[in-house]
């Protein structure tokens, strides 16, 4: 595509994704399944409950979780189907210790485990080995930096029991804006204040300069990145050791209606949540052609 041009990508409507309650979170599992959490008032319980939907090949399965005390921001899934719900912030207990902000549920909605992944979480993604990759924004990085809290590393990976298996010690993260876990050996992130995109692989680490523009999610395809802050979406292309902005991207429905909403990206997949449903698509060569 030519610099400063706008390309349009069509997204497919996910037929099993109708939203009838209050949208809480949308997630993209490592295997490509879509995850959707909505809060719905339960007439029998006389209180709100969470409906966690897994959408696979246009089929939807739902578990109901009677949890309303925690303000969840992220939903993920482990390889065996367990659901992970995480709150961005966590409170401290009377003794000064952190209360849990990560909760694991089985496939019928029973709570199996809970623990704290530290405060100030920016993003959460689980890889195929069930490692939980967590990035932190500036309040999580600096709030307890003097005590060397986990958030101070900017990017940390945990096992499914909440034990640390990786800490970033190489990159000076003030705020880890965005995260894209392709798999356990291919992890991308974008951080401030250096405005750099980093690719972590099993035996190497590559760092690329990026435009000084904040984005919260990005998708990866060949030498392209598609980045978004949920208001504007841009296409970047790798040129040597930097990513150069090539233009904007907009999203349209199958009926050629302009789409807007909350955008999540992982690998080369994009999912857009409107007030009523989900739309999704995968980047490919034609995604970057002017049409």
With every atom except the alpha carbons ignored, what do you get for Rg and Dmax of the chain, in angstroms? 18.9, 60
Could you work out how much longer the chain between residue 97 and residue 62 gets when fully extended? Use 0.36 nm per residue separation minus the Cα distance between them, nm to one decimal. 9.2 nm
Computed from the beta carbon distance with a Förster radius of 22 Å, FRET efficiency for residue 71 and residue 139 to the nearest 0.05 stands at 0.90
Calculate the length of the line joining the C-alpha centroid of the stretch 165-212 to that of the stretch 261-291, in whole Å. 22 Å
Name the residue, out of 45, 248, 13, whose mean-square fluctuation peaks in a Gaussian network model built on the chain with Cα pairs under 10 Å. 45
Taking the Cβ of each residue in 85, 11, 35 as the centre, tally the other Cβ atoms inside 10 Å and list the residues starting with the fewest. 11, 35, 85
For the stretch 5-288, what does the relative contact order come out to in percent, with C-alpha contacts under 8 Å and a separation of six or more? 16 percent
Return a whole-number percent for the relative contact order of the stretch 167-253, with Cα pairs under 8 Å and 6 or more residues apart as the contact set. 18 percent
Taking the Cα of residue 238, stepping 7 Å toward and past its beta carbon, and measuring to each backbone N in the stretch 248-291: which are under 15 Å? 267-268
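Can you compute the FRET efficiency between residue 174 and residue 44 using 1/(1 + (r/R0)^6), with r the Cβ-Cβ distance and R0 = 45 Å? Round to the nearest 0.05. List each step's numbers first, then the result.
On the way: r = 47 Å, r/R0 = 1.06.
It comes to 0.40.
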Can you compute the helix-only [θ] at 222 nm over the chain? Use -39500 (n - 2.57) per DSSP H run of at least 4 residues, normalise by all residues, nearest 500 deg cm²/dmol. -500 deg cm²/dmol
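Any read-out appearing in this document is the output of simple, stated calculations on the displayed coordinates, not a laboratory observation. All figures in this text were calculated on a predicted structure; none of them were measured in a lab. Positions of Cβ are backbone-derived with ideal geometry, glycine not excepted, and every protein chain shown enters the neighbour counts.
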